[in-house]
Amino acid sequence: KHKFRQSKGCFIVEGDKVVSELLKSNWCIQSMYITSDLADAYIQTLTEKKIACEIISEAEMKKISALRNPSSVLAVVAQPYPVFDPAEQLKPGRYLLLDRIQDPGNMGTIIRLAHWFGVDAVFCAPESADVFNQIVVQSSMGSLFFVPVFYTDLVYLIHHNRHINAFAGTLNGNDVHQVSFPSDFFLII
């Protein structure tokens, strides 16, 4: 739940694919829980990275999992607090701006696509879904660990960075395949 993620400063990551991506990142893993069927696959990596791990039963995993069908691995991860100073101008790059994306599944999928397309950072309006929501984490398929995500006032961000062209995804807009994007841009969704 959001209030507990905020008060404890951590969130959970579940599933072999997402945890595998987490282990490739530099995010701070506080602890891991693995059932015996996956323990051999993780023990060496966890030992090398000095990550605390506990082997638990499937019944115990079912109790702590947020998933309907629990996986065999769950990590407790510290929420990073990325530093973004809205008063500083952004360096040229490709940025995705999410204006009130509230569905967590959509948010995670968008982050996954942003990673695939090489977006430099994602900026979200404060009213957007919480990036550490379990559904966002799962649907990002691990991309969350490689794309910086910030919450900020998007209007201020755009006005303060007029050197970056802004494009918006709209229902009545041009076909995206017919738009010639410059190398540096804001794409607002």
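The values are calculated or read from the model by the stated rules, or taken from the named source; none is laboratory data. Keep in mind that what you see is a predicted model, and the values were worked out from it rather than measured. Don't worry about glycine lacking a Cβ; one is built from the backbone with ideal geometry, like all the others, and counts go over all protein chains shown. The protein model used for the area step is the full one, side chains on, heavy atoms only, and it has no ligands, DNA or RNA in it. Shrake-Rupley method; radii C 1.70, N 1.55, O 1.52, S 1.80 Å.
Run lengths n ≥ 4 of DSSP H only: what is the helix-derived mean residue ellipticity at 222 nm for the chain, with -39500 (n - 2.57) per run over all residues, to the nearest 500?
Taking each H run of at least 4 residues, the total per residue is -9500 deg cm²/dmol.
How big is the dipole moment of the chain about its Cα centre under a simple scheme where the beta carbon of each Lys and Arg is +1, that of each Asp and Glu is -1, and everything else is neutral? Debye, nearest 20, please.
240 debye
So how compact is the stretch 1-139: Cα radius of gyration and Dmax in angstrom?
16.4, 51
One-quarter of the Cα convex hull surface for the stretch 61-178, in nm²?
9.0 nm²
Would you mind telling me which residue in 118, 169, 142 has the biggest mean-square fluctuation in a Gaussian network model of the chain, where springs connect alpha carbons within a distance under 10 angstrom?
The residue that fluctuates most here is 169.
Considering Cα pairs under 8 angstrom that are at least six residues apart, work out the relative contact order of the chain and quote it in whole percent.
Over the chain, the number comes to 24 percent.
State the extension gain, in nm to one decimal, for the chain segment bounded by residue 146 and residue 103, taking 0.36 nm per residue of separation less the distance between their alpha-carbons.
The span from residue 146 to residue 103 would gain 13.4 nm if fully extended.
Between residue 43 and residue 7, what is 0.36 nm times their sequence separation minus the Cα-Cα distance? Round to one decimal in nm.
10.0 nm
Could you pull out the trypsin sites (Lys or Arg not before Pro) across the stretch 14-90 that fall in loop regions by DSSP (anything but H, G, I, E, B) with no more than 14 other Cβ atoms inside 10 Å?
Sparse-neighbourhood loop trypsin sites (Lys or Arg not before Pro): 49, 50, 68.
Please give the FRET efficiency for residue 163 paired with residue 120, using the beta carbon to beta carbon distance and R0 = 25 Å, rounded to the nearest 0.05.
0.95
Computing the accessible area with a 1.4 Å probe over protein heavy atoms, can you report the carbon and sulfur percentage for the stretch 104-189?
59 percent
I want the local charge near residue 57. Using Cβ-Cβ distances under 14 Å, sum +1 for each Lys or Arg and -1 for each Asp or Glu among the other residues.
So the surrounding residues net to -2.
With springs only between Cα atoms under 10 Å apart, run a GNM on the chain and tell me which of 98, 74, 154 wobbles the most.
154
Residues of the stretch 88-189: accessible area per residue at 1.4 Å, in Å²?
55 Å²
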